[in-house]
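Everything on this sheet refers to the single structure shown next.
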Amino acid sequence: MSRSKYFASPLAADQEAGQEDDRRPSKSQLKRQMAALQELGERLVALPDAKLRQLPLAERLYDAIREAQCITSHEGKRRQLQYVGKLMREAHVEPIQAKLAEWDGDSMEQIAAFHQLELWRDRLIDDDEHFTAFMNLYPHAEAQPLRALIRAARKERAANAALLPGREPQRKHYRALFQEIKRLQAQAGATPAPGDADDE
């Protein structure tokens, strides 16, 4: 499944976690949620109008997406995409994702598996305690290269957090870690959720 298809797993996972422990989302969780919505908005901008009209979009969001499609200036388009991402915060994303999944021919099981990959990636970056749990589930993984990927993704995240407004964040190591987790889970033939490791 393409990395660009679905981006909102941290949104659902973090909201559930917040409901369970009755705490407000952390800054890193909020940043992941905003990035997920921004990327989903960018995918909508890439859709033809015939498909946009089939989605449950608010009029203001639809108009903003159509305007972004017409802008040719790089800086102008960047600002409009940011505006689309801001409007996505008010959108009900689940039916939008469901329709995108239908068009892509992906099952709900595939989407859930993809979400778990994202969740593992985020937790490995957030805290070392999840590394042991991951290695217990996937003992065939090579610890040293995996740790190197995690360190690189953390440095990349820290550098992105320090970027001046308007500068594009880097996601090379973020994506590389995701692909390595995906490869390891494909070898194991399963995609256990992070919570499964705690049960063992």
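The values are calculated or read from the model by the stated rules, or taken from the named source; none is laboratory data. Computed from a prediction, not measured in an experiment: that's the story for all the values here. Cβ atoms come from the backbone with ideal geometry, glycine included; neighbour counts cover every protein chain shown. In case anyone asks, the SASA skips ligands and DNA or RNA and just uses the protein heavy atoms, side chains included. Shrake-Rupley method; radii C 1.70, N 1.55, O 1.52, S 1.80 Å.
Scanning for something loosely packed, with under 15 Cβ neighbours inside 10 Å, modelled with pLDDT under 85, among the charged types (D, E, K, R) and outside any helix (DSSP H, G or I), does the stretch 163-170 turn up at least one residue? For the stretch 163-170, residues loosely packed, with under 15 Cβ neighbours inside 10 Å, modelled with pLDDT under 85, among the charged types (D, E, K, R) and outside any helix (DSSP H, G or I): present. Taking the stretch 79-95 as the range and being in a helix (DSSP H, G or I) and open to solvent by less than 40 Å² (accessible area, probe 1.4 Å) as the test, the residues that pass are Gln80, Leu81, Val84, Gly85, Leu87, Met88, Val93.
Residues satisfying the criterion are present in the stretch 80-92 (criterion: without any contact (Cβ under 8 Å) to a residue 24 or more places away in the chain and under 20 Å from Asn160 (Cβ atoms)). The single residue among Gln29, Gln54, Gln33 that is at negative phi, touching a helix residue (DSSP H, G or I) at 6+ places or on another chain (Cβ under 9 Å) and not in a helix (DSSP H, G or I) turns out to be Gln54.
Taking Glu156 as the residue in question, decide whether it is of a type in the set (D, E, K, R), without any contact (Cβ under 8 Å) to a residue 60 or more places away in the chain and more than 21 Å from Gln38 (Cα to Cα). Taking the combined requirement at face value, the residue does not satisfy it. Within the stretch 96-153, the set of residues being outside any helix (DSSP H, G or I), open to solvent by less than 50 Å² (accessible area, probe 1.4 Å) and closer than 30 Å to Arg53 by Cβ comprises Asp106, Ser107.
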